[in-house]
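Presented below is the structure to which this report refers.
The values are calculated or read from the model by the stated rules, or taken from the named source; none is laboratory data. Keep in mind that what you see is a predicted model, and the values were worked out from it rather than measured. Quick reminder, even Gly has a Cβ in these numbers, built from the backbone with ideal geometry, and neighbours come from all protein chains shown.
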Amino acid sequence: MKKIDLIYALISSALILILTYCSAQPTVRYEEKDKKPSDTVNETEIKKEPLKYDEKFDITPFRTEINLPEKKVEISKASNEIWYQYDVKESASNRTKKIKGTTNGFRVQVIATDDLDEANKIQEELKAIKGSNEIYSVFEPPFYKILLGDFKTSDEANSLRFKLNQLGYADSKVVKSTINLFE
């Protein structure tokens, strides 16, 4: 009985030794099989020299001087020409209109920002070019929104949005809102 136990012990220890040895081999042996003898390079054979670029091309003859005459262009933002076919509310009678009620409609949101100074600046620009009527400043935390107009249909609002986009207010969009009805 002791011989059988000794044989089992020797076989199991040999099996453990073989499995441990085989599992401890690095996987590099598979990569080395694919390499050719010419692919192996000694690190001493590689000389690391800094790359030198020696360009003998001179670009200076190809440079051109651009001389543009200075033109002072004055743009009058209060001009009614930019609002061709749009209602410009600048007369004193329009500024004293009374609101007779409200309804659902559309407005053009020119900007929505968290910077009060930027919102005030945009509002002043719009007052200079459009007139002070129908420009609304709304605070919906955390944004200050500048809204323009009181339109019953989205087509009218889209027309104004298109014009504002041409004037440089690219973030303009039509939004549903409660609008004022004037007398």
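Summary of values
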read-out: Residue pairs meeting the criteria (Cβ under 8 Å; at least 6 apart or on separate chains; first closer than 10 Å to V108 by Cα, in the range 145-166; second crowded, with 21+ Cβ neighbours inside 10 Å and acidic (D, E)); value: L148/E134; G149/E134; D150/E134
read-out: Of residues in the range 115-142 being of a type in the set (G, A, S) and at pLDDT 90 or above, the one farthest from L167 (Cα to Cα); value: S137
read-out: Per-region count, the range 95-119, residues under 25 Å from F182 (Cα atoms) and in contact with a strand residue (DSSP E or B) (Cβ under 9 Å, 6 or more places away or on another chain); value: 15
read-out: Positions within the range 160-183 being out of contact with any strand residue (DSSP E or B) (no Cβ under 9 Å at 6 or more places or on another chain), among the polar types (S, T, N, Q) and either surrounded by 13 or more Cβ atoms within 10 Å (Cβ to Cβ) or in a loop (DSSP other than H, G, I, E, B) (or both), in sequence order; value: N165
read-out: Residue that is assigned by TED's automatic domain parsing to the domain that holds A170, under 30 Å from Y136 (Cα atoms) and at pLDDT below 60, where the choices are R95, R107; value: R95
